[in-house]
Amino acid sequence: MKFWTAAAAATAFALAACSQPAPAPEPAETAVAVNAPSGTYQLDPHHTTITVRAKHFGLSNYALRFNGVTGALNFNAEDPAQSTVEATVAVATLDTPYSGDRNFDAELQNSEWLDSAQFPAATFRSTAVERTGPNTARVTGDLTIRNVTHPITLDVRYNASHASHPMGFPTSLIGFSARGTLLRSQYGLNVLLPSAPDAADGVADDIELLIEAEFTKPADQAATPAPAQPAEPVN
């Protein structure tokens, strides 16, 4: 009897599950208007952040940032996939939240890690842009750290743009968010690598990049009309 009761309950459960309505499809993403004109934009260092995260002895995703970054975006408003971007990060601007009696920032900048004295800059130069949605793209490029170059792919989201600054300044603006991952061992950063990929006995080889970037350029000015010519005197 117990067998038949269990079988009946299982059948009823299966039928109930089959009768549930299918989940509604996710609404299609609406494209964000591109208001900024084509042209060469400079990276705004005051409104750009590059955050680096790594698993720290399996305990947390330890985060630090680089505060010195410059770069340029050649933006094609009509066909964004034809745009290019490049950026340079000053390694000595590495900034951690450590507040103890060690100069932890300097330790990470030393030769055992980033060797900022010999390799003062890390660079990125895009090589391809592939649109993946109304507001997203996959940007592939060459990342150079410690004079070692490997390709990296960033998942990029276009956020918004302004042909003229909302506060009235004579600049055009455009902004993006991006994320990607790299293996630090590929760039010779082998200090405290875990004994195995999933081991909690070191700092992870997988490094996550989180980028928030704003670019600016002087706003295009409307052509100034030629002054009107005085009319010929009428006699």
Query raised in the report: Somewhere in the stretch 118-133, is a residue in contact with a Gly (Cβ under 6 Å, 6 or more places away or on another chain), over 30 Å from Gly202 (Cα atoms) and basic (Lys, Arg)?
Result: yes
Query raised in the report: Among Leu43, Leu64, which is the only one that is under 24 Å from Asp201 (Cα atoms) and touching a residue at least 40 places away in the same chain (Cβ under 8 Å)?
Result: Leu64
Report summary line: Subset of the stretch 35-56, residues in a strand (DSSP E or B), open to solvent by 80 Å² or more (accessible area, probe 1.4 Å) and more than 19 Å from Val191 (Cβ to Cβ), comes to Gln42
Query - Within the stretch 57-105, tally of residues that are out of contact with any strand residue (DSSP E or B) (no Cβ under 8 Å at 6 or more places or on another chain), open to solvent by 40 Å² or more (accessible area, probe 1.4 Å) and of a type in the set (A, V, I, L, M, F, W, C) - result: 3
Query raised in the report: If we keep just the residues of the stretch 184-212 that are of a type in the set (Ser, Thr, Tyr) and not in a loop (DSSP other than H, G, I, E, B), which is nearest to Ser60 (Cα to Cα)?
Result: Ser185
Query raised in the report: Before we move on, is Arg157 more than 17 Å from Thr51 (Cα to Cα), surrounded by 15 or more Cβ atoms within 10 Å (Cβ to Cβ) and not aliphatic (A, V, I, L, M)?
Result: no
Report summary line: Residues of the stretch 106-121 being open to solvent by less than 60 Å² (accessible area, probe 1.4 Å), closer than 24 Å to Asn61 by Cβ and touching a residue at least 24 places away in the same chain (Cβ under 8 Å), in sequence order, are Leu108, Trp113, Leu114, Ser116
Query raised in the report: Is there a residue being open to solvent by 40 Å² or more (accessible area, probe 1.4 Å), farther than 18 Å from Leu209 by Cβ and at pLDDT 95 or above anywhere in the stretch 13-27?
Result: no
Report task. Residue by residue through the stretch 122-137, note down the ones that are basic (Lys, Arg) and surrounded by 15 or more Cβ atoms within 10 Å (Cβ to Cβ). Result -> Arg125
**Report entry** Tally of residues being in contact (Cβ under 8 Å) with a residue 24 or more places away in the chain and within 16 Å of Ala178 (Cα to Cα) across the stretch 137-155
**Finding:** 9
Requested in this report: Kindly check whether there is at least one residue in the stretch 208-228 that is at pLDDT below 95, of a type in the set (Ser, Thr, Tyr) and either under 23 Å from Thr70 (Cα atoms) or surrounded by fewer than 17 Cβ atoms within 10 Å (Cβ to Cβ) (or both).
Outcome: yes
Query - Failed item in (1) surrounded by 19 or more Cβ atoms within 10 Å (Cβ to Cβ); (2) under 20 Å from the mean Cα position of the chain (by Cα); (3) of a type outside the set (Ser, Thr, Tyr), with Leu183 passing the rest - result: (1)
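The values are calculated or read from the model by the stated rules, or taken from the named source; none is laboratory data. This one's a predicted model, so the numbers in the text were calculated from it and none came from an experiment. Cβ sites come from the backbone with ideal geometry, for glycine too, and all protein chains shown count toward neighbours. The protein model used for the area step is the full one, side chains on, heavy atoms only, and it has no ligands, DNA or RNA in it. Shrake-Rupley method; radii C 1.70, N 1.55, O 1.52, S 1.80 Å.
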